[in-house]
Amino acid sequence: MPEHHDAKLSSRSQVYLGLVLAVFVCAPAGAELKIAPLKFPVESRTPGVWVPFASSHPPSARRDETVTRILISVHSSGYDALQYYENARIAASKVPGASRQTLIIAPQFFHKNAVPGQIPKGLLYWTVPPYRGSSRGAIGPEENKLSISAFEILDDMLSQLSDKKVFPRLKDLVLVGHSAGGQLVQRYALVGKFGPPQGINCRFVVCAPSSFAYPTPERRVPGSNGRFAKPSREAIASNPSFHNWGYGLAKPYGYFKGFNPKATIKRYGRRNVYYLCGERDTNGNDGTTSTNGAAMMQGSNRRDRTETFYEYLLHTYGKGIAERHKMAITPGVGHYGRGNMTSKAGLRFLFADKP
């Protein structure tokens with residue numbers, strides 16, 4: 001571990017770095033789903049409430065001049081934060097110097113039914129799947145309601161981690177998610193409120209989501225080759241919720257209710273977002289790919305939807321969007337998070353100075 005130097009820290013940094021358990025992840029995840037070993041305190045809302053996470057470095061309230069990159073790896077619908085920590089760790093090990101310079105964080109956003117065993121005291125979880133940013137939170141073990149979104153947790157986590165008093169050489173914040181985690185990261189990239197401090201870059205790596213949140217109501221014209229337009233009256237009548245939140249910006253959730261749609265759409269175009277999907281991720285009937293009408297208007301499978309969404313971005317924002325939004329299909333890979341993250345394109349999107 002790098003040498004640490006004492007420094008006076010902000011109270012927000014002390015909350016994050018001083019109130020976690022004094023353990024960190026250093027071993028591969030097992031097959032059994034486990035609650036991640038560290039606690040991210042949600043002190044701004046209710047004392048004693050926390051979200052589990054795993055980390056590559058032992059949390060400390062001391063200055064760390066080694067870390068130049070913070071990589072937050074978001075789990076899929078299996079809720080296995082340790083597996084996605086491990087995916088990120090293996091990816092970092094393939095890039096010279098990255099393991100030493102990268103702080104890996106893997107948060108765990110539980111649905112109530114996914115928590116293994118008895119729900120611990122103070123554990124924050126959600127009564128619906130959290131990947132769209134729902135505020136239907138609850139506190140274990142009594143299920144006391146708490147109106148908070150996983151997006152708010154990311155806001156706080158990113159804000160605290162970007163404190164230059166703790167990481168003075170920090171240059172990059174990277175959020176990566178695969179499958180359902182890819183949905184969360186893409187939606188957060190669209191409506192997330194965190195903005196990095198000057199001198200720190202933030203990027204979002206979206207791997208193989210089942211669906212996308214489109215900034216505008218345009219969709220690919222059925223049977224066309226890359227044409228986009230607002231769906232016909234008949235199509236909208238059959239799928240009236242096609243642009244509701246999760247698939248678009250209509251009917252926003254509480255986290256971003258009252259937002260400015262035009263400003264949000266422009267901001268998404270300015271953010272750095274990178275899209276990955278496996279070449280073989282083409283099974284639209286695998287039981288995990290969304291098959292409702294709103295999803296099917298985006299394409300027939302994950303690869304089709306990823307390629308279509310990128311074509312939509314070029315249509316909506318113009319070719320200049322390719323400077324900030326990039327897409328790659330990973331050769332020989334199916335629906336496999338580690339395969340995407342450790343692919344040539346995945347390593348470039350995660351670790352290159354200029355992907």
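The values are calculated or read from the model by the stated rules, or taken from the named source; none is laboratory data. Keep in mind it's a predicted model, so treat the numbers as computed, not measured. We place every Cβ from the backbone using ideal geometry, glycine too, and count neighbours over all the protein chains shown.
For region 313-344, a residue qualifies if it is in contact (Cβ under 8 Å) with a residue 40 or more places away in the chain, surrounded by fewer than 21 Cβ atoms within 10 Å (Cβ to Cβ) and not in a loop (DSSP other than H, G, I, E, B), and the qualifying residues are His315, Thr316, Tyr317, Ile321, Lys326, Met327, Ala328, Ile329, Arg338. The numbered conditions (1) polar (S, T, N, Q); (2) buried (at least 22 other Cβ atoms within 10 Å of the Cβ); (3) without any contact (Cβ under 8 Å) to a residue 12 or more places away in the chain are all true for Thr306 except (3). Which of the residues spanning region 99-130 are closer than 24 Å to Leu170 by Cβ, surrounded by fewer than 18 Cβ atoms within 10 Å (Cβ to Cβ) and small (Gly, Ala, Ser)? Listed by number, the list holds a single entry, Ser99. Considering region 158-176, the residues that are over 19 Å from Ala98 (Cβ atoms) and buried (at least 22 other Cβ atoms within 10 Å of the Cβ) include one that is modelled with the highest pLDDT, namely Leu158. When each of Ser77, Ser99 is tested for being over 12 Å from Leu350 (Cα atoms), in contact with a helix residue (DSSP H, G or I) (Cβ under 7 Å, 6 or more places away or on another chain), part of a helix (DSSP H, G or I) and not charged (D, E, K, R), the lone residue that passes is Ser99. Summed over region 266-310, the residues that are at pLDDT below 95 and among the acidic types (Asp, Glu) give a count of 1.
Note on region 222-244: among residues that are in a loop (DSSP other than H, G, I, E, B), loosely packed, with under 15 Cβ neighbours inside 10 Å and not small (Gly, Ala, Ser), the one that is modelled with the lowest pLDDT is Asn225. Please specify each residue of region 122-146 satisfying the condition of being of a type in the set (A, V, I, L, M, F, W, C) and under 15 Å from Tyr188 (Cα atoms). Selection gives nothing.
Mind listing whichever residues of region 245-278 are within 18 Å of Phe151 (Cβ to Cβ), surrounded by fewer than 14 Cβ atoms within 10 Å (Cβ to Cβ), out of contact with any strand residue (DSSP E or B) (no Cβ under 7 Å at 6 or more places or on another chain) and of a type in the set (Lys, Arg)? Within region 245-278, Lys257 is the sole residue that qualifies. Answer yes or no as to whether Lys145 is touching a Gly at 6+ places or on another chain (Cβ under 8 Å) and either in contact (Cβ under 8 Å) with a residue 60 or more places away in the chain or under 27 Å from Leu347 (Cβ atoms) (or both). The answer is no for Lys145. When restricted to residues that are of a type in the set (S, T, N, Q) and surrounded by 19 or more Cβ atoms within 10 Å (Cβ to Cβ), region 284-300 contains 2.
Is it the case that region 169-180 has a residue that's out of contact with any strand residue (DSSP E or B) (no Cβ under 7 Å at 6 or more places or on another chain) and of a type in the set (D, E, K, R)? Checking region 169-180: at least one residue is out of contact with any strand residue (DSSP E or B) (no Cβ under 7 Å at 6 or more places or on another chain) and of a type in the set (D, E, K, R). For Asp281, the criteria (1) without any contact (Cβ under 8 Å) to a residue 60 or more places away in the chain; (2) assigned to a loop (DSSP other than H, G, I, E, B); (3) surrounded by 17 or more Cβ atoms within 10 Å (Cβ to Cβ) hold in every case but one, which is (1).
Every condition in (1) over 18 Å from Cys207 (Cα atoms); (2) in contact with a Ser or Thr (Cβ under 9 Å, 6 or more places away or on another chain); (3) not aromatic (Phe, Trp, Tyr) holds for Arg89 except the one numbered (1).
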